[in-house]
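Taking it in order: structure first as structure tokens, then the write-up.
The values are calculated or read from the model by the stated rules, or taken from the named source; none is laboratory data. Just so it is clear, the model here is predicted, and its values are computed rather than measured. When we count neighbours, we look across all protein chains shown, and the Cβ atoms used for this are built from the backbone with ideal geometry, even at glycine.
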Amino acid sequence: MSSLPSRVVAFVVLTLFGVAASAADLTVSAAASLTNAFRELAPLFEAAQPGTRVQFNFAASGALLQQIAKGAPVDVFASADEETMDQAQTQGLVKASERRYFASNSLVLIVPNGSTNPPSALADLNRPTYRRVAIGVPASVPVGRYTKSVLESAGLWGAVEPKMIGAQSVRQALDYVARAEVDAGFVYATDAALMPDKVKVALTVPTPSRILYPVAPIAGAAQSALAERFVAFLLSPAARPVLARFGFGKP
Amino acid sequence: MDSAWIALGLTLKVAGWATALNLLLGVGIGFAMARWRFPGRDAVDAVLTLPMVMPPTVLGYYLLVLIGTHGPIGAWLLNRFGIRMIFTWQAAVIAAAVVSFPLVFKSARAAFENVDPQLEEAARILGLREVAIFFRVSLPLAWRGILAGLLLSFARALGEFGATLMVAGSIPGKTQTLSIAVYEAVQAGQDDTANFLVLVTSLACVCVLLTAGRLVPGHVSPRR
């Protein structure tokens, strides 16, 4: 390497393709609603498994599934509903035998903090004062699917759908309500609890089936053994208090 | 697949209005910057060019803060006119216009600077008023350069994603432009829809480029 151009090329190639060495990097794709809880759990897991670094990828469960289906190098997948995990299982993306439920949640209707006369029942969303309602896009966001099924069983979907402002994830729906760009929104109880100064829970919405969070290691993952240990960790007594503190219920 | 045509129509509408807005603002401000010298002109030029280099999400955030219900402009609009800008196609137009403004502004300024001032001086001596000089001398001479900038601006507005998603959301038929529709289709695993949308978008872009080639003739042949 005597000439400058060769040195420049070598530098660029090494920078782009050189990998920082780490004993073990565990990549976890988790539903957006798990952001805060998982960020707190990571140091606990890293302490129990020295030399490990946990890397997170948070997004709507549907979006995460698409990434994994198209080959994203992920080791663990934690989704916010069973349907997305079922799809992952059908496509052979996860180790079905290692699939476990580790938490549960509930659906709430929230309004911006300054809003007067909050709804006391779902049917109140019919009122003309509710012009925009933030709901996760049902095709890819679990909280949107739960919301749609609840509204459909209540016969309200036809009236509410035209008012729907689609959110790409539950956290975006939360953000829309926190900024008061919408009149109401559907998020999980755990998300609403993160912004008590900006949003208030108008009512807890019962869902036809429990909101359960499944987790599973990815089939053929680079860090198979570590992935299984992470799943076991989520179910262990060490993780329970952290999840509970954020409002996640037992599975 | 109907959604693809709706998204295409909406994308053309948003890009069209954004380009029209940039035509007025870009040409006007480009002319002013080309002709008037004032202290701090370079700084103003840099600020006006910023939207071209800033990440669209940063721009989207600035816009959200400004025209959101709690923002200075948004609150005024809400209180005075009862208008909520966020999640409307007008917000999509503003986002597209802001990101593509520098393209028209820069081209217009360069085009006006290339107009020989002696021609304008001659018109002045012959008795034309300033406004008439602008429309009958400066603008026709600068027109080719401005048009090139407008076409680039239209193409940029067609593809705008980050800022639009932040201030206009993704409401099918109202603010879901082609690029946002592709994003959502991929997220939902609807590859067929995504493929069709991408095809429609690519064809639209090719049409824009072909039109550009027709309206703005290429370089003068060196053999002439």
When the residues of the range B:138-196 are filtered to those that are outside any helix (DSSP H, G or I) and free of Cβ contacts under 8 Å to residues at least 12 places away in the same chain, which remaining residue is surrounded by the most Cβ atoms within 10 Å (Cβ to Cβ)?
-> B:Ala188
Are any of the residues in the range A:55-71 aliphatic (A, V, I, L, M), over 30 Å from A:Pro208 (Cβ atoms) and not in a helix (DSSP H, G or I)?
-> no
Would you please name the residue that is farthest from the chain's Cα centre (by Cα), looking only at residues in the range A:121-135 that are closer than 16 Å to A:Ala167 by Cα and more than 11 Å from chain B (Cβ to nearest Cβ)?
-> A:Val133
Of all residues in the range B:14-44, which are over 12 Å from the mean Cα position of the chain (by Cα) and surrounded by fewer than 17 Cβ atoms within 10 Å (Cβ to Cβ)?
-> B:Gly28, B:Ala32, B:Arg35, B:Trp36, B:Arg37, B:Phe38, B:Pro39, B:Gly40, B:Arg41, B:Asp42, B:Ala43, B:Val44
Could you tell me which residue of the range A:152-174 is farthest from the other protein chains (Cβ to nearest Cβ), considering only residues that are part of a helix (DSSP H, G or I) and more than 19 Å from A:Pro208 (Cβ to Cβ)?
-> A:Ala159
Out of A:Gly144, A:Gly92, report the one residue that is outside the structural domain of A:Phe38 (by TED's automatic domain parsing) and either closer than 21 Å to A:Leu156 by Cβ or touching a residue at least 12 places away in the same chain (Cβ under 8 Å) (or both).
-> A:Gly144
Any chance you could count how many residues in the range A:81-113 are more than 17 Å from B:Gly189 (Cα to Cα) and in a loop (DSSP other than H, G, I, E, B)?
-> 4
Give B:Ala123, B:Ala92, B:Ala110, B:Ala168 a once-over and let me know the one that is modelled with pLDDT of 90 or more and in contact with a Phe, Trp or Tyr (Cβ under 8 Å, 6 or more places away or on another chain).
-> B:Ala168
Can you tell me how many residues in the range B:53-84 are small (Gly, Ala, Ser), within 18 Å of A:Arg132 (Cβ to Cβ), more than 10 Å from chain A (Cβ to nearest Cβ) and surrounded by 15 or more Cβ atoms within 10 Å (Cβ to Cβ)?
-> 0
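Residues that are more than 19 Å from the chain's Cα centre (by Cα): find the strands (runs of 3 or more DSSP E) completely inside the range A:175-244 holding 3 or more of those. It would help to see each step written out before you state the result.
Working: elements: A:184-188, A:199-205, A:211-217.
Result: A:199-205.
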Which condition breaks for A:Val143 when tested against (1) within 14 Å of another protein chain (Cβ to nearest Cβ); (2) touching a helix residue (DSSP H, G or I) at 6+ places or on another chain (Cβ under 7 Å); (3) under 24 Å from A:Leu212 (Cβ atoms); (4) not in a loop (DSSP other than H, G, I, E, B)?
-> (1)
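Just name the residue that is surrounded by the most Cβ atoms within 10 Å (Cβ to Cβ) out of those in the range A:229-246 that are in contact with a strand residue (DSSP E or B) (Cβ under 7 Å, 6 or more places away or on another chain) and not aromatic (Phe, Trp, Tyr).
In this case the residue turns out to be A:Leu234.
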